[in-house]
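Heads up, the thing below is written out as structure tokens.
The values are calculated or read from the model by the stated rules, or taken from the named source; none is laboratory data. Computed from a predicted model, the values in this text were never measured in an experiment. Don't worry about glycine lacking a Cβ; one is built from the backbone with ideal geometry, like all the others, and counts go over all protein chains shown.
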Amino acid sequence: MENYTVDEYALCTRFKSKRRKKRLVKKDFEKHLIQLRKQEKELWQKQNNLPLIPLESPYQKGWQRSFVLREDIARSNESSFYRGLLEKINTWQFSSEKSFKRKKKRKRRNVYVEKIQTVKEFSEWEWRSSKLELTEKEKAHFYKRERWCSNFKRHRIHYMFNESWRYVLRISPYMITHTKMVDSDLESEIQLLDNYITNLNLRNKINKLVDGYSRYSGYYDYKDPREENRIKNKSLNVLYQQYLDENDINHGK
């Protein structure tokens, strides 16, 4: 009878080889990571779907600014058309101050300049999209403009409204009238799952497996708690004082 190796014997029988066992363990672990992502998304969806509760006493939180129809245009025959168009291209800004000014540095001095606000502009992709809600009559009031984009380092095409003088800005108090319902059990469940993923450093592995890349820039803190340096950015005096305090506690016991 010929002598067979362990791997050759495993191929002829129903026993799993070492390589197959290792592959199955990895596959089960990846399935577990996918289930964690699904569970996390379901919990987030439940939290987002919590209803709003009206407040007994609404309060003001800063100011809001948006466009309204000019008084003479509101009295004209075309008021309904421009009012309907405004609902599609209106923009809102929020500020803690009624002046709507921001700090800007000029010649080594900080000055306050007013924030610029315009009606909505459409990119070339939005203009050609089937989801654009503008009618042909409304599209006739826009013109094509090519503008340099510093982010993409090239010129980009925008479609801008050519009769912005028909609208004026109006400032009004920004009132908080509702608040999100708080579910303590749901929040504890979300925190428990997040602690499990963070403590075992599974966030990058989940993102790599599900999304194809390892991390979201700036959204999560990817420091492994098991590799955290507890004496980082601490002076020798502080470390020495902590050492003395720990010794005093131990001797006191």
Practice task
For Ser17, state whether it is out of contact with any strand residue (DSSP E or B) (no Cβ under 6 Å at 6 or more places or on another chain), surrounded by 13 or more Cβ atoms within 10 Å (Cβ to Cβ) and at pLDDT below 90.
Solution key: yes
Fill in the blank from the handout: The correct count of residues that are surrounded by 11 or more Cβ atoms within 10 Å (Cβ to Cβ) and charged (D, E, K, R) in segment 153-163 is 2
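Inside segment 168-217, can you point out the residues that are over 30 Å from Asp72 (Cβ atoms) and in a strand (DSSP E or B)?
Ile176, Thr177, His178, Thr179, Lys180
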Handout entry: Yes/no for Gln60 being in contact (Cβ under 8 Å) with a residue 12 or more places away in the chain and exposed (fewer than 12 other Cβ atoms within 10 Å of the Cβ)
Key = yes
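Results for (1) loosely packed, with under 10 Cβ neighbours inside 10 Å; (2) of a type in the set (Lys, Arg); (3) at pLDDT 95 or above; (4) within 30 Å of Leu186 (Cα to Cα), shown as yes or no for each residue.
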| site | (1), (2), (3), (4) |
| --- | --- |
| Glu30 | no, no, no, yes |
| Arg83 | no, yes, no, no |
| Lys104 | no, yes, no, no |
| Lys107 | yes, yes, no, no |
Exercise for the section: Could you look through segment 200-224, keep only residues that are more than 14 Å from Leu33 (Cα to Cα) and in contact with a helix residue (DSSP H, G or I) (Cβ under 6 Å, 6 or more places away or on another chain), and pick out the one that is modelled with the lowest pLDDT? Expected result: Tyr220
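Condition check ((1) of a type outside the set (Val, Ile, Thr); (2) under 25 Å from Gln47 (Cα atoms); (3) surrounded by 12 or more Cβ atoms within 10 Å (Cβ to Cβ)) across all residues:
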site: Thr135; (1), (2), (3): no, no, yes
site: Lys139; (1), (2), (3): yes, no, yes
site: Glu146; (1), (2), (3): yes, no, no
site: Asn151; (1), (2), (3): yes, no, no
site: Trp165; (1), (2), (3): yes, no, no
site: Tyr174; (1), (2), (3): yes, yes, yes
site: Thr177; (1), (2), (3): no, yes, no
site: Leu193; (1), (2), (3): yes, yes, yes
